[in-house]
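Here's the structure we're looking at; comments come further down.
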Amino acid sequence: MYRYDQYDQQMVDARVEEFRDQARRRLEGTLSEDQFKPLRLMNGLYLQLHAYMLRVAIPYGTLSGAQMRVLADVAEKYDRGYGHFTTRQNIQYNWIKLEDAGDILADLAKIEMHAIQTSGNCIRNISSDHFAGAAADEVVDPRPYAELLRQWSSFHPEFSYLPRKFKIAVIASEQDRAAMRLHDIGINIVRNEAGELGAAFYVGGGMGRTPMIAPCIRDFVPLDRLVTYAEACLRVYNRYGRRDNKYKARIKILVHELGAEEYTRQVEEEFQHLLDSGVEPPFAELERIRTFFADPDFETGAKEDIDRSDPDFALWVDRNTIPHKQAGYVSAVISLKPVGGIPGDATAEQMRVMADLGERYSFDELRVMHTQNVVLPHVRKADLHALWTALDEAGLGSPNLDTIEDIIACPGLDYCSLANARSIPVAQKIAQRFAETKKTATLGQLKLKISGCINACGHHHAGHIGILGVDRKGVENYQLSLGGSEAEDVSLAKITGPGFDEDGIVDAVETVTGVYEREREGEERFLDTYRRIGMGPFKEALYG
Amino acid sequence: MKLLTGNDLKTGAVTWWTGSDWSIHVEDAVDVTGQEDEIASREEAARRVNVPYAIDAELHEGSPRPAHIKDRVRALGPTVRPDLTLKPADPEIGKWVI
């Protein structure tokens, strides 16, 4: 894991004191809310439906047991005993007091964490593959590149007031586990025919009210030009992005309106201009960063066999563990989606359990998934039963990864001031319905995602089944969409037709899964069947 | 009727104008029709509340009930965590929101 150097620590400590002073001035009245709002947002502090909400950055989703334990302490000491893991691999606290915010940031700084750039029109927390460094299919660990970009983008003076927020994802495998092409910039670290590493740049993707899939604008940028190319992409956006209209200010609109070809031409021109300007950090810095992400001391010859005599354990192994590049190891996914629970929520006690288990069984590493679960990336197969037993005792052993119970849901109208409808109760009802009917297993991989408003924090555009909550004359209504994917087979879901009320949407989901069960061929996933037969049969079943 | 609501500056808690002070309980709120801008300006200047604004409401069983579901969720707390609402012991309170 990356560890702060003196510069990182000084920057974060200085920001804590700066914000402490800003909060004090707000409380004293020398700063108005209009003056204070952009300052608090730069430090991840929102004013939400019930209270202040603090969003804490977890760079590329990676954290240690000690860090997870402090997140638990924050939940307990300053909030109401729980936190919410988000679709940007961050954590949010919903009940923060302004007068505590400085102390919270100081506590976080002690374990090399902060809330900087988790809001505002700047480059946000950079996300990555939650199986980075462990995945059997990766070209290289993408996190050193994500860390390099984190350092470049932190407090970048030119990019602190962009036309709109800016999200970057970095992966390094053919399988896309980070929704890479639905980001403002998606970077895929690839190897060319000569065996050299480089970066493919995808620019102009995103969800929100105008979902778009990012086109590839350059398929190979040498890694010693990675930052310079990213800077060129940002510069063109910063210069021409629509500052006059919030709803057209994201880079996806610029790329769409200019056309990918013209945008690329401008980026290439800027790139040439920047090449000799010293933007690129010394390659030695990347090498220094890379040392922090060296493989842990894996046991060679670790046992491959798993005792599957306990059927509940065997089911969890089948569903929630992922092949690892090291023989005798797997990555284990801790589900934060118990049936009837709140997707992504974890109590302080559960966070401490995860911290302990990460230390004991996964070389002190945990990862937050953008699907609102937590990964222990490096677990010996021989330790799996002990791990599962401990998880199960803590209510963290649900065997439902990538099933219809593993729902992404934004906080929705229960917490979010932007939301138009509640997301969480719908997720709970759907999970309960399918658990009761015992259809979860037979449906196989089925990614269902729910957003409570058009901003799409719940990634509904990318759901095999997507649900969008809308406000229809003061009443919650839910639009159903089908056929989305955030993976390497990326696609945007299409709306089925008129929406449903809260109970109706649960029935509607059951109806479309019924069509899938009827129509599927062989081992087809829901998404495969939808793509083969199209929307027609689903609409017919829904609307007659 | 119109209610004046905002968030407590220090704690962020949802608050309602009672005619003389702020309360976290919506049932304490009073009709501010015609006075909302004046009260909001005065109270914000006194730093007793953050970003106050008026909402529509109606009387329901003798107490104010915000007209829009978003304000009812604000008034009570998250419907998915009854234990964190202002009325954790009332099993029927969800119906007031929905």
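Table for the structure above
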{"read-out": "Residue check, A:Gly358 surrounded by 24 or more Cβ atoms within 10 Å (Cβ to Cβ), closer than 16 Å to A:Gln92 by Cα and either among the small types (Gly, Ala, Ser) or within 14 Å of chain B (Cβ to nearest Cβ) (or both)", "value": "no"}
{"read-out": "Residues of segment A:91-103 satisfying the condition of being away from chain B (no Cβ under 13 Å) and among the hydrophobic types (A, V, I, L, M, F, W, C)", "value": "A:Ile91"}
{"read-out": "Residue ranges of helices (runs of 4 or more DSSP H) in segment A:206-306 with at least 3 members out of contact with any Ser or Thr (no Cβ under 6 Å at 6 or more places or on another chain) and among the acidic types (Asp, Glu)", "value": "A:260-274"}
{"read-out": "Elements of type strands (runs of 3 or more DSSP E) in chain B, at least 1 residues being modelled with pLDDT under 95 and within 12 Å of another protein chain (Cβ to nearest Cβ)", "value": "B:50-60"}
{"read-out": "Residue that is surrounded by the most Cβ atoms within 10 Å (Cβ to Cβ) [pool: residues in segment A:4-44 that are aromatic (Phe, Trp, Tyr) and part of a helix (DSSP H, G or I)]", "value": "A:Phe19"}
{"read-out": "Single residue of segment A:78-89 satisfying the filter (farther than 20 Å from A:Glu99 by Cα and either at pLDDT below 95 or assigned to a loop (DSSP other than H, G, I, E, B) (or both)) that is farthest from the other protein chains (Cβ to nearest Cβ)", "value": "A:Gln89"}
{"read-out": "Where A:Met1 falls short, out of the listed (1) crowded, with 16+ Cβ neighbours inside 10 Å; (2) more than 17 Å from A:Ser119 (Cα to Cα); (3) within 13 Å of chain B (Cβ to nearest Cβ)", "value": "(3)"}
{"read-out": "From the options A:Ala75, A:Ala106, residue that is in contact (Cβ under 8 Å) with a residue 40 or more places away in the chain, over 25 Å from A:Arg143 (Cα atoms), surrounded by fewer than 19 Cβ atoms within 10 Å (Cβ to Cβ) and away from every other protein chain (no Cβ under 11 Å)", "value": "A:Ala106"}
{"read-out": "Residues being under 12 Å from A:Tyr60 (Cα atoms), among the charged types (D, E, K, R) and either touching a Ser or Thr at 6+ places or on another chain (Cβ under 7 Å) or surrounded by 22 or more Cβ atoms within 10 Å (Cβ to Cβ) (or both) - total across segment A:112-161", "value": "5"}
{"read-out": "Every residue from segment A:473-506 that is in a helix (DSSP H, G or I) and among the small types (Gly, Ala, Ser)", "value": "A:Gly504"}
{"read-out": "Those residues of segment A:399-414 which are outside any loop (DSSP other than H, G, I, E, B) and more than 14 Å from chain B (Cβ to nearest Cβ), in sequence order", "value": "A:Ile408"}
{"read-out": "Residue match in segment A:381-389 (condition: surrounded by fewer than 18 Cβ atoms within 10 Å (Cβ to Cβ), among the basic types (Lys, Arg), more than 30 Å from A:Gly484 (Cβ to Cβ) and at pLDDT 95 or above)", "value": "no"}
{"read-out": "Residue, nearest to the other protein chains (Cβ to nearest Cβ), within segment A:45-70, restricted to residues that are part of a loop (DSSP other than H, G, I, E, B) and over 25 Å from B:Ile24 (Cβ atoms)", "value": "A:Ala57"}
{"read-out": "Hey, A:Ala431 modelled with pLDDT of 95 or more, assigned to a helix (DSSP H, G or I) and more than 23 Å from A:Met212 (Cα to Cα) or not", "value": "yes"}
{"read-out": "Criterion (without any contact (Cβ under 8 Å) to a residue 24 or more places away in the chain and within 14 Å of chain B (Cβ to nearest Cβ)) met by exactly one of A:Arg25, A:Arg40", "value": "A:Arg25"}
{"read-out": "Residue list for segment A:415-431, filter: among the aliphatic types (A, V, I, L, M) and more than 8 Å from chain B (Cβ to nearest Cβ)", "value": "A:Leu418, A:Ala421, A:Val426, A:Ala427, A:Ile430, A:Ala431"}
{"read-out": "Segment B:1-47, subset of a type in the set (D, E, K, R) and in contact with a helix residue (DSSP H, G or I) (Cβ under 8 Å, 6 or more places away or on another chain), residue surrounded by the fewest Cβ atoms within 10 Å (Cβ to Cβ)", "value": "B:Arg47"}
{"read-out": "Failed criterion for A:Glu112 (all others in (1) farther than 24 Å from A:Lys167 by Cβ; (2) at pLDDT 95 or above; (3) of a type in the set (Asp, Glu) hold)", "value": "(1)"}
{"read-out": "Unmet requirement for A:Gly186, which otherwise passes all of (1) within 22 Å of A:Val490 (Cα to Cα); (2) touching a residue at least 40 places away in the same chain (Cβ under 8 Å)", "value": "(2)"}
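Yes/no per residue for (1) in a loop (DSSP other than H, G, I, E, B); (2) surrounded by 19 or more Cβ atoms within 10 Å (Cβ to Cβ); (3) not assigned by TED's automatic domain parsing to the domain that holds A:Asn90:
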site	(1), (2), (3)
A:Cys416	yes, yes, yes
A:Arg422	yes, yes, yes
A:Thr442	no, no, yes
A:Asn455	yes, no, yes
A:Ala508	no, yes, yes
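The values are calculated or read from the model by the stated rules, or taken from the named source; none is laboratory data. Note that the structure is a prediction, hence the values are computed from the model and not measured. All Cβ positions, even for glycine, are placed from backbone atoms using ideal geometry, and neighbour counts span all protein chains on display.
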